[in-house]
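Notes to accompany the following structure.
The values are calculated or read from the model by the stated rules, or taken from the named source; none is laboratory data. Remember, it's a predicted structure, so these values are computed and weren't measured experimentally. A quick note on method: Cβ atoms are made from the backbone with ideal geometry, for glycine too, and the neighbour counts reach across all protein chains shown.
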Amino acid sequence: MQIIPYELDCRTVFNKTLRSEPFYVVIYRLFYYSNSRDKALVDDFINKASALKENVNGNAANGTKYDRGEETLLSDCLMGIMSEYFWKYYLNAHKYLVKPTPFHGAIGQIDLELVSSHKTIEVRSSCVKNGHQFAICHPEYQFDILGPYHNPNYKPEDEVQKDFYVRTLFEGNNQYLANAVKRDGFCVFLVGGATKKMMSSEDFIIRKDLLADGEVPLMGNYSQYLSIPFSKALDTRQIQQLVEQD
């Protein structure tokens with residue numbers, strides 16, 4: 001496994017980018033065929049994702065009625081497991097700072113917890129077909145840090161706010177992620193996050209209605225998220241520093 005930290009200057013990618021500050025990214029590059037340890041790690045990820053797939057609702061994560069299908073559901077579970085693992089791996093690189101939380105179902109799920117303060121970290125992930133630089137830097141179609149959401153059809157109450165929200169990106173199509181991870185050079189991108197305070201500030205947040213891929217936008221069949229675009233988000237090193245200082 002290779003660990004590749006680097007600073008992304010969005011101004012060199014898109015002239016009209018809204019991200020003026022460099023964005024520190026950490027890449028974990030896996031070699032399934034040429035590294036036995038990476039192969040064992042990936043096989044473990046897939047086994048855990050397969051088991052999780054059998055225990056979660058096959059509907060989209062936002063509670064709509066769109067059936068994701070077996071391959072997509074497996075990939076979604078795999079993304080979640082790998083995202084949690086690599087954020088834990090990164091934050092614990094120099095000192096034991098965070099631990100995973102038991103999975104009790106989507107409602108109230110936290111993902112990671114700070115050992116000292118018991119503050120909570122929500123880990124969320126996405127695939128981007130145009131690459132991580134597009135997701136972070138594009139002036140119009142930049143991705144964001146997803147915060148708490150509310151869907152009256154799925155969660156009767158607003159989601160409890162976490163102390164930190166962090167993001168992971170995978171390049172490609174999520175439907176084929178379980179196959180793509182079984183190749184040399186597969187990359188996991190840790191791409192920063194935001195704090196609870198930021199998610200409570202009108203200076204940072206936008207509100208957006210999201211549907212699962214392929215969902216029909218029927219009335220009320222959506223989840224409203226608070227989110228912070230990457231142009232205003234904390235980068236990966238800034239998240240690490242805040243966790244270490246807590």
Pairs, please: C-beta under 8 Å, at least 6 apart or cross-chain, first residue over 19 Å from residue 72 (Cβ atoms) and in the stretch 171-200, second of a type in the set (Asp, Glu) and not in a strand (DSSP E or B)? 191/235; 192/235; 195/163; 196/163
Would the stretch 208-220 turn up any residue that is of a type outside the set (Phe, Trp, Tyr), in a strand (DSSP E or B), surrounded by fewer than 16 Cβ atoms within 10 Å (Cβ to Cβ) and at pLDDT below 90? yes
For the stretch 62-90, name all the residues that are touching a Gly at 6+ places or on another chain (Cβ under 9 Å) and modelled with pLDDT under 65. 66, 67, 68
Could you tell me how many of the residues in the stretch 149-190 are in contact with an Asp or Glu (Cβ under 8 Å, 6 or more places away or on another chain), modelled with pLDDT under 90 and either surrounded by fewer than 19 Cβ atoms within 10 Å (Cβ to Cβ) or assigned to a loop (DSSP other than H, G, I, E, B) (or both)? 3
Which residue, of 44, 111, 38, is surrounded by 18 or more Cβ atoms within 10 Å (Cβ to Cβ), charged (D, E, K, R) and modelled with pLDDT of 95 or more? 38
Could you tell me whether any residue of the stretch 129-143 is at pLDDT below 90, among the hydrophobic types (A, V, I, L, M, F, W, C) and either surrounded by 21 or more Cβ atoms within 10 Å (Cβ to Cβ) or not in a strand (DSSP E or B) (or both)? no
